[in-house]
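As structure tokens, the structure follows; a few thoughts come after it.
The values are calculated or read from the model by the stated rules, or taken from the named source; none is laboratory data. Owing to the predicted nature of the structure, the values given are computational and were not obtained by experimental measurement. Every residue, glycine as well, gets a Cβ built from its backbone with ideal geometry; the counts of neighbours run over all protein chains shown.
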Amino acid sequence: MDKNSLPSVLKSKTPKAYKNKKLNNANFGNFTHNDYQVFLHLVSKIGGVDEEGKYLQPSSLKREYMLTAKEFSEVFNTDIDNSYRYLKKAVDKLMKTDIKVERPENQSIVRINVCSQAEYTKREGRITIKFTDSIMPYLSQVRQKFVLYNLKDIANFNSLYTIRLYELIQEFKDTGYMIKSVDKLRDIFAVGSFFKRYNDFKKRTFDHACKEINNNYEMDLKYEEIKEGRKVVAVKFIFNKTKILKVTNQRTGIEKTLYIKPKKQNDKVDILKGQMSFDEIKKEPKPIRNTLSKIFDKFKS
């Protein structure tokens with residue numbers, strides 16, 4: 001499809017990462033924490049719906065996107081000078097690194113290049129990349145087959161392993177648990193030959209990630225080890241479920257799905273809109289209580 005004939009895309013007001021579940025479980029090789037943040041921020045520019053509210057097919061989506069240091073700094077709360085440096089380094093990583101994606105349907109592993117072109121413009125503090133045709137099907141939105149979350153959800157995570165574990169949990173957010181083999185976790189975390197001893201692997205990756213997620217969310221995330229004899233072969237992660245509510249607009253009769261995620265620590269309930277909707281949710285007005293009633297409550301307690 002010609003670039004000029006591409007349909008207009010209606011964007012969410014808050015940047016969101018969209019990834020096919022196969023890509024969500026992929027091996028991202030030697031991506032660092034900052035490389036991966038840059039990648040996700042670029043991915044967030046793809047997602048959206050057409051004027052009828054339908055997801056666009058890969059052939060109908062743009063390939064080329066731009067990300068500025070200012071944008072990156074605002075989402076991930078980083079110093080602007082560091083943001084310039086992260087973008088510059090990410091250009092090389094995006095071009096040189098391929099992603100390993102499993103295809104269970106034919107028991108194969110495919111290696112996919114992320115970008116066909118990447119440019120860093122120092123004076124303007126921005127990168128411009130062009131995604132490959134091969135990766136686009138894994139970045140487009142196919143209902144029930146992709147993971148969706150706000151980029152701000154992961155802004156305070158200081159570890160790549162924490163982001164990756166949080167993303168995995170999003171696939172099972174309505175179940176409250178997830179089971180992954182140790183071998184699969186090693187592959188997803190891309191540790192290679194590092195942390196050969198299981199206890200070292202656990203300590204440096206998912207044990208630390210669980211603590212960091214719990215420090216940011218009231219998720220009550222914990223894990224149980226599954227053994228064969230004395231060897232740990234899999235890990236079961238247990239966490240507070242995301243509540244799913246069906247809400248019907250009384251005026252239009254259109255039903256929407258709301259996902260009420262575990263609260264952020266010391267924050268209000270975080271509500272993520274249903275996947276078919278991109279309007280912002282308005283906050284419900286809180287009941288007003290007068291000062292006198294509050295004083296009486298203190299005496300009663």
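Does region 1-20 hold any residues that are out of contact with any Asp or Glu (no Cβ under 6 Å at 6 or more places or on another chain), modelled with pLDDT of 70 or more and surrounded by fewer than 19 Cβ atoms within 10 Å (Cβ to Cβ), and which are they? Residues satisfying the conditions are Thr14, Pro15.
Looking across region 155-214, just one residue is in a loop (DSSP other than H, G, I, E, B), closer than 19 Å to Phe39 by Cα and aromatic (Phe, Trp, Tyr), and that is Phe157. Taken as a whole, the condition of being closer than 21 Å to Phe189 by Cα, at pLDDT below 95 and within 19 Å of the chain's Cα centre (by Cα) does not apply to Asn34.
Given the residues Lys152, Lys184, which is the only one that is modelled with pLDDT of 95 or more and surrounded by 14 or more Cβ atoms within 10 Å (Cβ to Cβ)?
Values: Lys152 fails: modelled with pLDDT of 95 or more.
The unique qualifying residue is Lys184.
Restricting Phe72, Phe39, Phe28 to those that are crowded, with 18+ Cβ neighbours inside 10 Å, closer than 23 Å to Lys89 by Cα, modelled with pLDDT of 90 or more and in contact with a His (Cβ under 7 Å, 6 or more places away or on another chain) reduces the list to Phe72. If you go through region 108-123 and keep only what is outside any strand (DSSP E or B) and either free of Cβ contacts under 8 Å to residues at least 12 places away in the same chain or touching a strand residue (DSSP E or B) at 6+ places or on another chain (Cβ under 9 Å) (or both), you end up with Val114, Arg123. Taken together, the residues in region 93-116 that are surrounded by fewer than 14 Cβ atoms within 10 Å (Cβ to Cβ) and over 22 Å from the mean Cα position of the chain (by Cα) amount to 7.
Being loosely packed, with under 13 Cβ neighbours inside 10 Å, out of contact with any Phe, Trp or Tyr (no Cβ under 6 Å at 6 or more places or on another chain), modelled with pLDDT under 70 and more than 29 Å from Ile188 (Cβ to Cβ) is a property that Lys268 has.
When residues in region 161-182 are screened for being closer than 17 Å to Ser44 by Cβ and over 9 Å from the mean Cα position of the chain (by Cα), 0 of them pass.
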